[in-house]
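Notes to accompany the following structure.
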Amino acid sequence: MEETIKFIQEKISGQQPEIGIILGSGLGELADEYCEIAIPYNDIPNFIKSTVKGHKGRLVFSDIAGRQVVMMQGRNHFYEGHSIQEVTYPVKVMKKLGVKILILTNAAGGVNETFSPGDLMLITDHINCMGTNPLIGENDETLGERFPDMTEVYKKSLISLAEHCANELQIHVKKGVYLANSGPSYETPAEIHMARTLGADAVGMSTVPEAIVANYCGMNVLGISCISNTASSTGGSALSHKEVIETAGKIKSSFKNLILKIIEELN
Ligand code: HPA
């Protein structure tokens, strides 16, 4: 970790980002527009490379509305074969760089039958069905405690702020529970039925490990899902990664405006 932080801090000449954003599938444009310093993951000691199409794989630093922001343009997923600890390593790096607020974004399948592709959902809570937990292993007391509380992983005040910003921009947002599976296979109709029965509104293959680690480290988390498709049993037709990327592409400008507004209003 010391090596990673030293390398990054040299590149950003001592800047202290206070807001972190992890940009999900097809949602990386914000980091193209606001990019002062970009460091490919491959160049960073002890970072892992991102292997999924639609994910660029670089850490981008920029001033946005007077705030220092660090963005992950592309994330690492458990299904790529990385350990869950490796997947969440960048969140710990952000914490060490000074990040206090972490905005997690993703493309997700809509489980709630009132959701349509192109909807944005503010994550109110999550269900971890990945079969693992990023905090397994020896605990680093400098980051957080062994048995961290998880009653308000997604900060209510940030959800209210995001709702307020969406209203101002006349963007309609939903709210709901995100359930994470390991992937990479999409869910079967029976699994979507199970997710709905468990109380999930959206399903995906990311975000939850990062949210657990961020909350454990004492960061305030906001989660936004871009509903890219109706999950399995609801739509009736076959699902492809292409469809996920295409829908994310259609919604990216309202998504970007919402994030920018949230950053402005955080002041
Ligand atoms: N299931 C899981 N992950 C996803 C989906 C889905 O339907 N859509 C986008 N990511």
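When SER185 is tested against (1) open to solvent by less than 70 Å² (accessible area, probe 1.4 Å); (2) within 12 Å of the ligand (Cβ to nearest atom); (3) over 18 Å from the mean Cα position of the chain (by Cα), only condition (1) is not met.
Just wondering, is there one or more residues in the stretch 235-257 that are β-branched (Val, Ile, Thr) and within 15 Å of the chain's Cα centre (by Cα)?
No; the residues of the stretch 235-257 include none that is β-branched (Val, Ile, Thr) and within 15 Å of the chain's Cα centre (by Cα).
Please verify whether CYS129 is under 25 Å from ASN112 (Cα atoms), open to solvent by less than 60 Å² (accessible area, probe 1.4 Å), at pLDDT 95 or above and under 17 Å from the mean Cα position of the chain (by Cα), treating the condition exactly as stated. Yes; evaluated as a whole, the condition is true for this residue.
In the list GLY223, GLY218, which residue meets the criterion of being more than 11 Å from the ligand (Cβ to nearest atom), surrounded by fewer than 16 Cβ atoms within 10 Å (Cβ to Cβ) and touching a residue at least 12 places away in the same chain (Cβ under 8 Å)?
None of the others qualify; the one that does is GLY218.
Of the residues in the stretch 56-69, at least one is modelled with pLDDT of 95 or more, out of contact with any His (no Cβ under 9 Å at 6 or more places or on another chain), open to solvent by less than 40 Å² (accessible area, probe 1.4 Å) and among the aromatic types (Phe, Trp, Tyr). Tell me, please, whether a residue that is closer than 26 Å to ALA248 by Cβ, β-branched (Val, Ile, Thr) and modelled with pLDDT of 95 or more can be found in the stretch 172-187. Checked the stretch 172-187: at least one residue is closer than 26 Å to ALA248 by Cβ, β-branched (Val, Ile, Thr) and modelled with pLDDT of 95 or more. Considering (1) within 30 Å of LEU179 (Cβ to Cβ); (2) at pLDDT 95 or above, say which one GLU3 fails and leave the rest. For GLU3, the failing item is (1).
The values are calculated or read from the model by the stated rules, or taken from the named source; none is laboratory data. Keep in mind that this is a model prediction, so the values were computed, not measured. With ideal geometry, Cβ positions are generated from the backbone for all residues, glycine too; neighbour counts draw on all protein chains shown. These accessible areas exclude ligands, DNA and RNA; they are computed on the full protein's heavy atoms, side chains included. Shrake-Rupley method; radii C 1.70, N 1.55, O 1.52, S 1.80 Å.
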